[in-house]
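Reading through the structure tokens given below for one structure.
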């Protein structure tokens, strides 16, 4: 249905995407000048992290159809790798970011080799199990690896994690305005991630991902190698997720096993689902809506998680394509109505001319 | 040596029985309707807490607690169908699998959190439990463990009879084999789905009581058995009930053994490695059949 009007709709969609992104860039630059509150800016930085992870989960699930529940595990792996390189070898954070992201890619490829022979739910279950194992192994790690002063430190940091291994250098450079500096860095990370994701989605390999999602049998019959293509998208998504993990560790100057908890993963899934699975702008829209809802529910305190769960369930029930999908429905309905109105007018004219 | 071995054996068989019960609940739903119920853990917890409410808070006898847990579980399963699954089934079949998973994830979180808000986070004692043990020469069998294994065996027999001998069971099996054909033969597929979810909810309720009687009641109670039940389902091939039971006992014995030899924290990772190895060898699970898909 949609495919028939693709050639015509494509350029229009690209124009809309360009317009939206220019608007967003302008907003992103204006933001630090409009916001004084340090708390709000801090929450915005956190939201940018969520948006980055969600966009990569969306690339994996929404575009390539791989239902992986190890997204936060990739994020944690990148963050932990960066923190551990800094902590054990005393590297500068900036130098450790790329190795951290690459180690997340290696981890994802190992996980992918084990899981991606399978399909659908099996992938979801195995990746969930792997993420949980990672969490359990870190939390229950009690063996001393090194001694820091008189305190025993575990290799993985144990239940406490790592702290004070360096930062992005903005504190020394910008003094009191360091948060704005970090905001600029994370916003750039998000922008670069989105641009690369856009290029991937629109490229031939992106089409292969989508084909595998929509009809695996047909795509394989037309010569798409499912295992290789899905391993590739797994690796790409892990790279940006791991990189975001490194920046996360550097921004907060700390990383612990808490980011591997189920509720964090659920938040990412909720963001993507509410925004719109398989839509390019979905994760960003979802982040804005859910972070705002989260802030409002913070007043309600303990009901926050309850509300989040209900939001996930209700949004999949009421709008399976998310807010962006609903917006698209609305637009096409308006267009349809306009066209109907236009044709109604021509119909009215006709009898008038023949009657003459 | 003998007492260590029997201890491992008893622990393995008891947890195996619990895992088998959790696995059957999941596998039944998957096999007949292609739905992965991520809210199963919360339904387990719900069962455990409703038995607690009836016995400890209201002071009713143990049997009422059991019945209450079954009833509450069944109602939860029924509500899940009426409120969520029925509506999702109307949508595209291709997206149903992932949509229902995400939706039940949300329900699961909400339910677990509702329990946390109602009862608080502190661990509570499950009233339905037996104390003491049966001494047989050098071996001592705790009554609690015997009770669990007996209850699970009885339940398995009931489920097997229900699926194998009744009209409802025949409809469920027909739907599992081929939904369209069953529908064409006059099976009311939607009411089969409803029955399956009610049945699985009831099983989850009992399972919750049993699990909490081994440990304690806490809101995340169901998560650990469910994670392991997932793994066992995957090993056995999703939807294969006898295979799931066999995998549950086998893996639970392995886990008990590894936990004794290498320490508790290596139990789960070892299971995972075994599972991954099995899946690389047989991608559809040990007992699963490779499906031929037509386009």
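Just so it is clear, none of the values below were taken in a lab; they were calculated from the coordinates. The structure displayed is predicted, hence computed values, not measured ones. Every residue, glycine as well, gets a Cβ built from its backbone with ideal geometry; the counts of neighbours run over all protein chains shown.
Subtracting the Cα-Cα distance from 0.36 nm times the residue separation, let me have the gained length for residue B:280 to residue B:117 in nm, one decimal.
Full-extension gain reported as 54.4 nm.
Above 18 angstrom, tally the Cα pairs of segment A:140-272 and express them as a % of all pairs, no decimals.
70 percent
Bins of 5 Å, beginning at zero and ending with the bin holding the largest distance: percent of Cα pairs per bin for segment A:39-260, please.
Histogramming segment A:39-260 at 5 Å steps yields 1, 7, 14, 18, 18, 15, 11, 8, 5, 2, 1, 0, 0 percent.
Per residue of chain B, what 222 nm ellipticity follows from adding -39500 (n - 2.57) for every DSSP H run with n ≥ 4, rounded to the nearest 500?
Rounded to the nearest 500, the figure is -24500 deg cm²/dmol.
Where does segment B:22-61 land on Rg(C-alpha)/(2.2 N^0.38 Å)?
Normalised Cα radius of gyration, segment B:22-61: 1.54.
What base-10 log of the normalised intensity I(q)/I(0) is obtained for the protein assembly as shown from the Debye formula, alpha carbons as equal point scatterers, at q = 0.07, 0.08 Å⁻¹?
Each listed q corresponds, in turn, to -0.50, -0.65.
By how many degrees, between 0 and 90 and to the nearest 10, does the Cα long axis of helix B:167-177 differ from the longest principal axis of chain B?
70 degrees
Would you mind computing, in nm to one decimal, how far apart the modelled labels at residue B:154 and residue B:64 are, each placed 7 Å from Cα along Cα→Cβ?
1.9 nm
At q = 0.12, 0.13, 0.16 Å⁻¹, what log₁₀ I(q)/I(0) does segment B:14-222 have when each alpha carbon counts as one equal point scatterer in the Debye sum?
Here log10 of I(q) over I(0) equals -0.63, -0.73, -1.03.
Could you work out the relative contact order of chain A, using alpha carbon pairs under 8 angstrom and six or more residues apart, expressed as a whole percent?
Dividing the mean separation by the residue count of chain A yields 26 percent.
For the residues A:140, A:193, B:118, what sequence is obtained by ranking on other C-beta atoms within 10 Å, fewest first?
With the fewest neighbours first, A:140, A:193, B:118 line up as B:118, A:140, A:193.
Using 0.36 nm times the number of residues separating residue A:117 and residue A:299, minus their current alpha carbon distance, what extension gain do you get?
61.0 nm
For chain B, take the longest principal axis of its alpha carbons; what is the angle in degrees between that and the long axis of helix B:143-165, to the nearest 10 within 0 to 90?
20 degrees
Remind me, relative contact order of segment A:262-356 in percent, using alpha carbon pairs under 8 angstrom and six or more residues apart?
Reported as a whole number, the value is 30 percent.
Under the definition of Cα pairs under 8 Å and six or more residues apart, what whole-number percent is the relative contact order of segment B:206-295?
Worked out over segment B:206-295, it gives 28 percent.
For segment A:33-91, what are Rg and Dmax over the alpha carbons, in angstrom?
15.5, 41
With r as the distance between the Cβ atoms of residue A:36 and residue B:146 and R0 = 56 Å, compute the FRET efficiency 1/(1 + (r/R0)^6) and round to 0.05.
0.25
Return one number: the angle in degrees, 0 to 90 and rounded to the nearest 10, between the long axis of the Cα atoms of helix A:282-298 and the longest principal axis of the Cα atoms of chain A.
Orientation of helix A:282-298: about 60 degrees from the principal axis.
Starting from the eigenvalues of the Cα gyration tensor, five times each then square-rooted, give me the equivalent ellipsoid semi-axes of segment A:179-219, largest first, whole Å.
33, 9, 4
Would you mind ranking B:27, A:261 by Cβ crowding within 10 Å, fewest neighbours first?
A:261, B:27
Can you compute the radius of gyration and Dmax for segment A:1-131, using only the Cα atoms, both in Å?
19.3, 57
Sorting B:40, A:251 on the 10 Å Cβ count, fewest up front, what's the list?
A:251, B:40
For chain A, what is the calculated [θ] at 222 nm in deg cm²/dmol (nearest 500), taking -39500 (n - 2.57) for each run of four or more DSSP H residues and dividing by its residue count?
One gets -25500 deg cm²/dmol as the mean residue ellipticity at 222 nm.
Beyond 15 Å, how much of the Cα-Cα pair distribution for segment A:262-356 remains, as a whole percent?
Taking all Cα-Cα pairs of segment A:262-356, the fraction more than 15 Å apart is 68 percent.
Calculate the radius of gyration of the Cα atoms of segment A:195-302 to one decimal place, then report Dmax, the largest Cα-Cα distance, as a whole number, both in Å.
Reported Rg and Dmax, both Å: 17.1, 54.
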